[in-house]
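Asks: The structure is given below, and queries will be raised subsequently.
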Amino acid sequence: MTAAGIHRTLVIIAFYVKINKAVEANWTKETSPAQVTIKQLGDVLGLYVSCEPDWKTIVSRLNNFFIDKSELVITVTRFITIWAHNAAVIATDRNHRCWAETCKEKILDNNSELVLDVKVGEGAQPYTRWEDDHFVLYLPKMKPHPPKGYSGAIKEGIVEVFER
C-alpha cells in the first residue's frame, strides 16, 4: 500500500471513530437527553418506544453538510429529542385527546411498541409521517439552523400525521 493509501485509510478510520464516539456520548448512553426524553414519551403513552437510527445511512446522506461530524450526530439526536418531547406534550394535551387515542390504536393494532424511524428527507424542513405501523421523522437534507427552531413545525407535523 502506498503512503497516500495508508493516509486515506487512517482518515477514514478517524472519521468513523469520531462518529462512533459522538453516537456513544449523545445517543447510546441511557442518560443522554434523547434517551431520557424517549423514555418519558413511553411513560406518558404507557408503551415502549423504540428508535434505532441507521447512523451509517444518516451520516452518508448528511456528511457533506457538516465539517464537524460529532455536530452531525448531536444535531440528529436533538431532532429526535424534540420529536419525542413534542409527542409527549401532544399525548398529554386535552385538546389532542383524539390524537393520543388514535396513536395508541394504530400502534397496538400492529405492534406493542411505538417505533420511530429516522431518515433524511429531501427538503429543508423536518416532517413526520405514519408509514404502515410506525412513525418516521424525516430530517432536513441540509445543515439546519439549531434544531430547537424547528420545534413548532415538528409538533404540527406530529399532530397532523393521522389527518392525512
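Asks: With an 8 Å cut-off on Cα pairs and a minimum separation of 6 or more residues, tell me the relative contact order of the chain in percent.
Replies: This gives 23 percent for the chain.
Asks: Still on this structure: I'm a student and want to see the number: the projected area of the Cα convex hull of the chain, averaged over all directions, in nm².
Replies: Across all orientations, the chain yields a mean hull projection of 10.6 nm².
Asks: Can I ask one more? So what's the net charge close to Val118: Lys and Arg +1, Asp and Glu -1, counting the other residues with Cβ under 10 Å from its Cβ?
Replies: Summing Lys/Arg as +1 and Asp/Glu as -1 gives -2.
Asks: On a 0 to 90° scale, report how tilted helix 151-160 is relative to the longest principal axis of the chain, with both axes built from alpha carbons and the result rounded to the nearest 10.
Replies: 50 degrees
Asks: Report, in degrees rounded to the nearest 10, the 0 to 90 angle that the Cα long axis of helix 3-23 makes with the longest principal axis of the chain.
Replies: 30 degrees
Asks: For a label point 7 angstrom out from the Cα of Ile67 toward its Cβ, which stretches of region 135-149 have the backbone nitrogen within less than 17 Å?
Replies: 143-146
Asks: Here is a follow-up. Starting from 0.36 nm per residue, how many nanometres of slack lie between Lys29 and Glu113 once their C-alpha separation is accounted for?
Replies: 28.2 nm
Asks: Given axes a ≥ b ≥ c from the Cα gyration tensor, I'd like to know whether region 49-102 is rounded (a/c under 1.5), prolate (a/b larger than b/c) or oblate.
Replies: It comes out prolate by the Cα gyration axes.
Where a number appears in this text, it was derived from the coordinates with a stated rule and is not lab data. Worth saying up front: this structure is predicted, and the values here are computed from it rather than measured. Neighbour counts run over all protein chains shown; Cβ positions are idealised from the backbone, glycine included.
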